[in-house]
Amino acid sequence: MLRFKTLFEEFSAAAQNPSILLLELYPWLRHFEPPLPIGFKHLNEINDAFIKFLFEEIEKHKKTFNENEPPRDYTDAYLIEMRKRQKEGEGELFTEWQMMAAIGDLWGAGFETTVATLRFAIIYLLNNPLVQQKLQEEMDRVIGNENELTMDDQKRLPYLCATIQEIQRMANIIPISIQHAVTEDVVIGGFLIPKNTQVIAQTPSLHMDEKLFDEPEKFMPERYIDADGHFVKNDHVLPFSIGKRACMGESLARMELFLFLGTLIQRCDFRPVDGVTPPPIVVQSGFLRGPVPYKCMVAPRK
Ligand code: HEM
């Protein structure tokens, strides 16, 4: 577990290196390191170590899992499906390499994304104490401090939903969406995009558009609360991208953000370390975007 944690932290730090963005857009740059300090070699070494670790874990599962018992986790479920398909002569898609890549993708795409969003959430609350106060008031009034939060409470907590939407609008944790390619000629808005052209659904650029959001630099959850106090989902806030290749984990991530942030608000008070000056919001941006590490005081709420 410790090895996994260390590897993951190294991987996340490497993914926040700004040069990774360049490498993503111009992969051929990797051939020019050295002398260019692209960070590709380092990322590749961590990736290889990660792959090795995942294969070792798969081996452990193969030795201990029981095909006739319910799967203990994703790896067991994948092994069961893989063996079933191999018996039926359809094993070419469900391979051990695919399994390793799928597990790596789920960890890689599903972990640091939610963590970075929550780190943004807390630093925004530290810098906007009135928002934190309003969130706590809503939570105390609707849920109280004893009851556990569930997803059904979403409708009853409009200010929490609005705050999460505002956090995601401003955080833009994936500043440049993943590249894709069109598989056939398409015409969009009168422009022909020929087959095989690389395209990026650059939804983060909507989030700071003054035509869509008044004073987009300001953290204002109130912009999504209507005159009756209801939460209004804004179709221009698209942190999970759009289309068929949008984030596969969107529903899970939305649940995590609502339950984790809501429970933190319910149980804790976030304050600046000296009680007065919040940490400045300094952002590091590479493939992933996140606030540089900051300190804060976390006090349990009575
Ligand atoms: C706040 C949390 C998250 C955000 C903001 C986020 C955002 C994104 C974005 C912008 C993409 C790229 C979509 C595109 O190519 O246009 C993506 C892809 C993806 N995400 Fe997430 N994600 C989050 C959490 C998760 C979680 C929890 C999981 C799974 C456990 C996950 C799994 C994936 C996968 C597998 C892809 C690749 C999908 C594909 O290429 O078809 N994500 N995500």
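Given R₀ = 51 Å, what would the calculated FRET efficiency be for ILE51 paired with LYS218, taking r from the Cβ atoms and rounding to 0.05? Don't jump to the answer; show the numbers that get you there.
Numbers: r = 43 Å, r/R0 = 0.85.
The pair ILE51/LYS218 has a calculated efficiency of 0.75.
Of the residues HIS61, MET99, THR113, the one whose Cα sits farthest toward the positive end of the charge dipole of region 28-121, with +1 on the Cβ of Lys and Arg and -1 on the Cβ of Asp and Glu, is THR113. The charge dipole of region 158-299, taken about the Cα centre with unit charges on the Cβ atoms of Lys, Arg (+1) and Asp, Glu (-1), comes to about 460 debye, rounded to the nearest 20. Accessible surface computed residue by residue for the chain, with neighbouring protein chains in place and a 1.4 Å probe, gives 60 Å² per residue.
The angle between the Cα long axis of helix 129-142 and the main principal axis of the chain comes to about 90°, on a 0 to 90 degree scale. From the Kirkwood radius over Cα pairs of region 1-129, Stokes-Einstein at 25 °C and 0.890 mPa s returns a whole-number translational diffusion coefficient of 141 µm²/s.
Helix 2-15 against the longest principal axis of the chain: what's the angle in degrees, Cα atoms only, rounded to the nearest 10? Once rounded, one gets 80 degrees. Considering only ASN127, PRO293, VAL142, and ranking their Cα positions along the charge dipole of the chain that arises from unit charges at the beta-carbon of Lys, Arg, Asp and Glu, the one farthest toward the positive end is PRO293.
Report, in debye and to the nearest 20, how large the dipole of the chain comes out about its Cα centre when Lys and Arg carry +1 and Asp and Glu carry -1 on their Cβ. So the dipole magnitude of the chain works out to roughly 400 debye. Expressed as a fraction of 2.2 N^0.38 Å, the C-alpha radius of gyration for region 132-205 is 1.80.
Heavy-atom surface analysis with a 1.4 Å probe gives the chain a carbon and sulfur content of 59 percent of its accessible area. With axes computed from alpha carbons, what is the tilt in degrees of helix 250-267 against the longest principal axis of the chain, rounded to the nearest 10 within 0 to 90? Helix 250-267 and the main axis of the chain meet at about 40 degrees.
Compared with the direct C-alpha span, the chain from SER251 to ASP185 gains 20.6 nm at full extension, assuming 0.36 nm per residue. In this simple spin-label model, placing a label point 7 Å from the Cα along the Cα-to-Cβ direction at both GLN202 and ARG301 gives a separation of 4.0 nm.
Given Cβ point charges of +1 (Lys, Arg) and -1 (Asp, Glu) and nothing else, what value in debye, to the nearest 20, does the dipole of region 130-182 about its Cα centre take? Before the final figure, lay out the partial values.
Details: 5 positive and 8 negative charges, 61 e Å.
Using only the charged Cβ atoms, the result is roughly 300 debye.
Rounded to the nearest 0.05, what FRET efficiency is calculated for ILE242 and TYR26 with R0 set to 30 Å and r the Cβ-Cβ distance?
On the way: r = 25 Å, r/R0 = 0.82.
Using R0 = 30 Å, I get an efficiency of 0.75.
How much length would be gained if the chain were fully extended between ALA13 and ARG72, taking 0.36 nm per residue of separation minus their Cα-Cα distance, in nm to one decimal?
Details: separation 59, 0.36 × 59 = 21.24 nm, distance 3.07 nm.
Stretched fully, the ALA13-ARG72 segment lengthens by 18.2 nm.
More than 23 Å apart: what percent of Cα pairs in the chain qualify? Every Cα pair in the chain considered, those over 23 Å come to 66 percent. Think of region 76-183 as a dipole: +1 on every Lys or Arg Cβ, -1 on every Asp or Glu Cβ, centred on the Cα centre; then among LEU157, ILE80, GLN168, GLN168 lies furthest on the positive end. With the convex hull constructed from alpha-carbon coordinates only, region 239-302 shows a mean projected area of 5.9 nm² over all directions. Using a cutoff of 8 angstrom between alpha carbon atoms and counting only pairs six or more residues apart, the relative contact order for region 37-115 works out to 28 percent.
Per the helix-only calculation at 222 nm, which mean residue ellipticity applies to the chain, given -39500 (n - 2.57) for every DSSP H run of n ≥ 4 and division by its residues, nearest 500 deg cm²/dmol?
Numbers: 10 runs with 141 residues, N = 302.
For the chain, the value works out to -15000 deg cm²/dmol.
Solvent-accessible surface (1.4 Å probe) assigned to PHE32 amounts to roughly 100 Å². Relative contact order for the chain: 22 percent, from Cα pairs under 8 Å spaced at least 6 residues apart, divided by residue count.
The values are calculated or read from the model by the stated rules, or taken from the named source; none is laboratory data. Computed from a predicted model, the values in this text were never measured in an experiment. Backbone-built Cβ (ideal geometry, glycine too); neighbour counts: all protein chains shown. With ligands, DNA and RNA removed, areas are computed over all heavy atoms of the protein, side chains included. Shrake-Rupley method; radii C 1.70, N 1.55, O 1.52, S 1.80 Å.
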